[in-house]
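The values are calculated or read from the model by the stated rules, or taken from the named source; none is laboratory data. Predicted, not measured: the structure shown is a model, and the values here were computed from it. Positions of Cβ are generated from backbone atoms using ideal geometry, with glycine treated the same way; all protein chains shown enter the neighbour counts.
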Amino acid sequence: MFEKLLIANRGEIAVRIARACRELGIRTVAVYSTADADDAVVRLADEAVRIGPPAARHSYLNAAAIVEAARQTGAEAVHPGYGFLAEDADFAEICADNGLVFVGPAPEVVRSFGDKARARALMASAGLPVPAGSAEALTSVAHARAAAAEVGYPVIVKCTAGGGGRGMAIARSAAELAGAYTRTRAAAHGLFGDDRVYLERYLTQARHVEVQVLCDGYGHGVHLGTRDCSVQRRHQKLVEEGPAPALSAGTLAALGAAALRGALAAGYTGVGTFEFLVDESERFHFIEANCRIQVEHPVTEMISGIDLVHEQLHLASAGALRFTQAEVRLHGVAIECRVNVEDPERDFAPAPGRLDRFVPPGGPFTRVDTHGYPGYRVGPYYDSLLAKVVTWAPERDLALDRMDRALGEFDVAGPGVRTTIPFLRRILDDAAFRKGRYSTTLVDRLTAATSAGSPVESDAAKPLRRS
């Protein structure tokens, strides 16, 4: 195992990694921008290095500064967390060239899955079903129209280099396609520096279900079941749960087997997630793989009892898998709600500021991953995620009630600060969600109701649910 590791990230995931390293006896180096001098990980890490100004491209996306910080502090490995450089194949190569272990798959694997069109082809060759779509990157509006005519409307236009739910546009007819193509291509260039796009048939009532996999460098792999991530706004997740509800045991098993087959075929190593769309008939299609730890990894940890960051570090240090598929045991149901510093009444616009009060919930089977604390100032420069609340119970209804109780206890306040807590509680109270029969359209339906005159209550207004 490594003696010293640099955490190339910030916020709650940096805190999560620092804690795992402390438990394993690994010394840590935090990096931070000038805007993050008070970030919690700066205090938790053994050392901290300032790497640049607030703009991410000059700090957390500055590969040269991060590698130099690792070299100066004697770090042996770099953990990228999620976002920023986590799925940057060039950064993984730079780490290797400088004698640093990149905690993630090999650069060529990251590159294969980073190109979504290439990943589709790779997984199709491994026997995984993929949605009908363009076989290559689109080169013009005319090319897009020809592909859409063959696939059938509605379609979704995606960035080839995309990820994290960013850079997508839906076209429900030929009249909407030119705008969707142009917007997505511009977003692709701005977000990823790569303006290539492709399209797929859009499933209007689909579930977004993902499978957690772990693979070592010796040809062994396991999966740790499913997570449902269908509750999304603008293709970014708000609520996740595991196992995915209201799916047959046969479908859950088939999803796990497909994800593991795809991972092994690609030579995947480390911890990763394979994502699928599941239709109303429980037919599923591969859409992408994430070569990193996921935001929602605590869901799997709660139902499996396996510390995924511990395993990630073990596998990165050339370790073999420490358990077989037959030894994996999943118990109960876990729910995760992402508490973002956003205003649901203003289309989830960022609402940053100083946290005058910050009291996370507690209680049995309740976990909170956060970098927040009283007096912390949430800035405008980075992702708005403030905390992840995770609850577990033997049965789904109790896990949901426990989550509602926990969110009702969460006390966050400060000048101008708003959070998604009241909207999350509204999701928990939705009849379709409570039955486990929902799709990626749930948030759109709830926000449409809000626009029609049903305001989101304040963080403290809604009483606790009574089952």
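Remarks
- Between A106, A126, A117, A144, the distinction of being among the small types (G, A, S) and at pLDDT below 95 belongs to A117 only.
- Where helices (runs of 4 or more DSSP H) fall wholly inside region 367-435, the ranges with 2 or more residues that are in contact (Cβ under 8 Å) with a residue 60 or more places away in the chain are 396-409, 421-429.
- V130 being under 20 Å from the mean Cα position of the chain (by Cα) and either surrounded by 17 or more Cβ atoms within 10 Å (Cβ to Cβ) or outside any loop (DSSP other than H, G, I, E, B) (or both): no
- Subset of region 311-337 [touching a strand residue (DSSP E or B) at 6+ places or on another chain (Cβ under 7 Å) and either in a helix (DSSP H, G or I) or under 30 Å from R425 (Cβ atoms) (or both)]: E311, Q312, L315, A316, Q325, L330, G332, V333, A334, I335, E336, C337
- Test for V151: is it crowded, with 21+ Cβ neighbours inside 10 Å and within 20 Å of E288 (Cα to Cα): no
- Count of residues meeting criterion [surrounded by fewer than 24 Cβ atoms within 10 Å (Cβ to Cβ) and either among the charged types (D, E, K, R) or closer than 28 Å to C337 by Cβ (or both)] in region 259-272: 1
- Considering A169, A161, the condition of being crowded, with 17+ Cβ neighbours inside 10 Å, of a type outside the set (D, E) and either in a loop (DSSP other than H, G, I, E, B) or out of contact with any strand residue (DSSP E or B) (no Cβ under 6 Å at 6 or more places or on another chain) (or both) is satisfied by A161 alone.
- The set of residues in region 208-254 that are farther than 24 Å from T441 by Cα and of a type in the set (V, I, T) comprises V213, V222.
- So A399, is it small (G, A, S), out of contact with any helix residue (DSSP H, G or I) (no Cβ under 6 Å at 6 or more places or on another chain) and within 30 Å of V101 (Cα to Cα): no
- Within region 103-119, the residues that satisfy the criterion of being touching a Leu at 6+ places or on another chain (Cβ under 9 Å) and in a helix (DSSP H, G or I) are S112, F113.
- Beta carbons closer than 6 Å, at least 6 apart along the sequence or on distinct chains, pair a first residue in region 127-153 that is of a type in the set (S, T, N, Q) with a second that is in a helix (DSSP H, G or I) for S134/A147.
- The one condition in (1) within 29 Å of G217 (Cβ to Cβ); (2) in contact with a helix residue (DSSP H, G or I) (Cβ under 7 Å, 6 or more places away or on another chain); (3) free of Cβ contacts under 8 Å to residues at least 40 places away in the same chain that V103 fails to fulfil: (3)
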